[in-house]
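The values are calculated or read from the model by the stated rules, or taken from the named source; none is laboratory data. Computed from a predicted model, the values in this text were never measured in an experiment. No Cβ is skipped: glycine too gets one built from the backbone with ideal geometry, and neighbour counts run over all protein chains shown.
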Amino acid sequence: MNPKYSVLLIEDEESIRSFISTTLKSQGYKITTAACGQEGLHLCASLCPDIILLDLGLPDIDGMTIIAKLREWSSTPIIVISARSHEQEKAKALDLGADDYITKPFGTVELLARIRTSLRHGNQFAVGNTPYAPIYRHKELMIDYDKHLVTLAGEMIHLTQIEYKLITLLAQNSGKVLTYSYIMEKIWGPYIDNNNQILRVNMANIRRKIEKNPATPEHVFTEIGIGYRMAECEQ
Ligand code: CA
């Protein structure tokens, strides 16, 4: 019933390798580790893991290069493990094709949640299912994609066309962080300049409409310097 997912961890720090290995084994994951990039790339090709955890600072190959190389032939979800305060690095990794990131030091709960989210998104595409449920629900917020309807505690929320496009993009990728540049391109097209003022204005308007207290959001979170993450859809 519960398939044993295989995880490939590429990380040169021994203490983090052993922490993650122990945590994942105790949750029933099958884990293989690599201490450098070269070994990681080889193992990825030979094992075809279900998910890859990748440290960006490796002794031999830069983590960005590994993401780019993997994305030439593999769509396996990649979660980047990165040091705090490297926002630009994280955004670049996501734009290169990583699915998510986790910041050192991180706890078990956060690690497991990120892995579950990425596996779920990866699987949906792999088996050709619709990539998202027809309705997004989180607490009192509901989005019905077919009806183009957004409600909060049963009350209809009026959104502009751009605001609706934005919230559905985030909801259909709920649980994942989307970078500013990814969102800008999806909503305004590839020729929009990379000043994200227009995005921030629209997001502020959405928050005023869907959050009880926009200063402490419950539904859409800001990942400072990177982008936005919408709360995971409740099953
Ligand atoms: Ca490292």
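Descriptive notes on the structure:
- When each of R116, R200, R208 is tested for being under 21 Å from the mean Cα position of the chain (by Cα), free of Cβ contacts under 8 Å to residues at least 12 places away in the same chain and not assigned by TED's automatic domain parsing to the domain that holds K25, the lone residue that passes is R200.
- Candidates I67, I79, I52, filtered to the one that is within 16 Å of the ligand (Cβ to nearest atom) and either surrounded by fewer than 20 Cβ atoms within 10 Å (Cβ to Cβ) or assigned to a helix (DSSP H, G or I) (or both): I67
- Of all residues making up the stretch 13-38, the number that are part of a helix (DSSP H, G or I), surrounded by 17 or more Cβ atoms within 10 Å (Cβ to Cβ) and within 16 Å of the ligand (Cβ to nearest atom): 5
- Some residue of the stretch 2-12 being within 15 Å of the ligand (Cβ to nearest atom) and in contact with a Lys or Arg (Cβ under 9 Å, 6 or more places away or on another chain): yes
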